[in-house]
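Just below is one structure, and these are the notes that go with it.
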Amino acid sequence: MTDTLAAILLGILEGLTEFLPVSSTGHLILATELLGFDQREWEVFNIAIQPAAILAIVVLYWRTFWDVAKGLFGLEKGALNFVRNLLVAFFPAVILGLAFGDVIETMLGNAVLVCWTLIIGGVAILAIERWAKPPAEGAGVSGVPLRTAVLIGLVQCLAMIPGVSRSGATILGAMAFGVDRKTAAEFSFFLAVPTLSGATVYQLAKYGSDLTSRDIELIGIGSLAGFLVALVVVKLFVAVVTKIGFGPFAWYRIVIGLAGLAWLSLR
């Protein structure tokens, strides 16, 4: 397989999984392993294409961001609460990411760990789906209490373990704290903007000088593929979880985790 085709496939996989509770990082690690590539050579690529998914959120929810921006100039309470909630949820990841960055990078090459966290995460989703009783409707991201936003930010830190899923941790964590499904999903989408942007900037600042013109070209190709796919996936995801919940994603995680363990044991 050529590097160009690999970049397209990994970009599509990023767009498909970034905002689903199935772990995009875990899928990219397993896919890289399946393709027989060196994890370290593709590690920066897998992180550098994440802004494409962020751009998809900005495009799809441009009106929300525009309204918040206008509201900030007018010091409107809703806009201020929106930004406050995202910032307090973002800071725990910044602190732990800087403190344990080297440990996190070591885990990124562990495909077996990814399989186990996929399975455990699937079981956790089923448990939360059964016992958490969030309201049918909520007041949106700006209506999430400050304490709940802080707790969501702490739960998001679990996603530093590859395979846990950032979106899964934040969405299910929010539901466990009493946030309705739609608001929980949108909180996760919006929180991805500072979180994934920060992670990408950190990695590029650390390894950007080592990138060749070919690496940058592949990142561009993968980013375009991820952006186009994410545009479709996000809207479908909100519709699905609002109607039927997260059960199908939980079982998918468990099946993929078990299949991955079986495949790795036979190598």
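Quote the relative contact order of the chain in percent (integer), defining contacts as alpha-carbon pairs under 8 Å separated by 6+ residues.
37
Give me the number: length gained by fully extending residue 131 to residue 147, i.e. 0.36 nm times residue separation minus the C-alpha to C-alpha distance, one decimal in nm.
Full extension of this stretch gives 3.6 nm more.
Hey, with R₀ at 41 Å, roughly what FRET efficiency would residue 206 and residue 60 work out to, going by the Cβ-Cβ distance, to 0.05?
E between residue 206 and residue 60, to the nearest 0.05, is 0.85.
In whole Å, what are the Cα extents of the chain along the three principal axes, biggest one first?
Over the chain, Cα extents along the principal axes are 52, 41, 35 Å.
Just to verify a number: FRET efficiency for residue 70 and residue 243, C-beta to C-beta distance, R0 = 35 Å, to 0.05?
0.65
Rounded to the nearest 500 deg cm²/dmol, what is the calculated helix-only ellipticity per residue at 222 nm for the chain, with -39500 (n - 2.57) per DSSP H run of length n ≥ 4?
It comes out at -26500 deg cm²/dmol, rounded to the nearest 500.
In terms of solvent-accessible area of protein heavy atoms at a 1.4 angstrom probe, what is the ranking of 175, 107, highest value first?
The most accessible residue leads, giving 107, 175.
Give the separation of the Cα centroids, segment 209-267 to segment 23-68, in Å.
One Cα centre to the other: 8 Å.
The values are calculated or read from the model by the stated rules, or taken from the named source; none is laboratory data. Since the model is a prediction, treat every value here as computed from it, not as a measurement. A quick note on method: Cβ atoms are made from the backbone with ideal geometry, for glycine too, and the neighbour counts reach across all protein chains shown. Quick note on the areas: whole protein, heavy atoms, side chains included, nothing else; ligands and nucleic acids left out. Shrake-Rupley method; radii C 1.70, N 1.55, O 1.52, S 1.80 Å.
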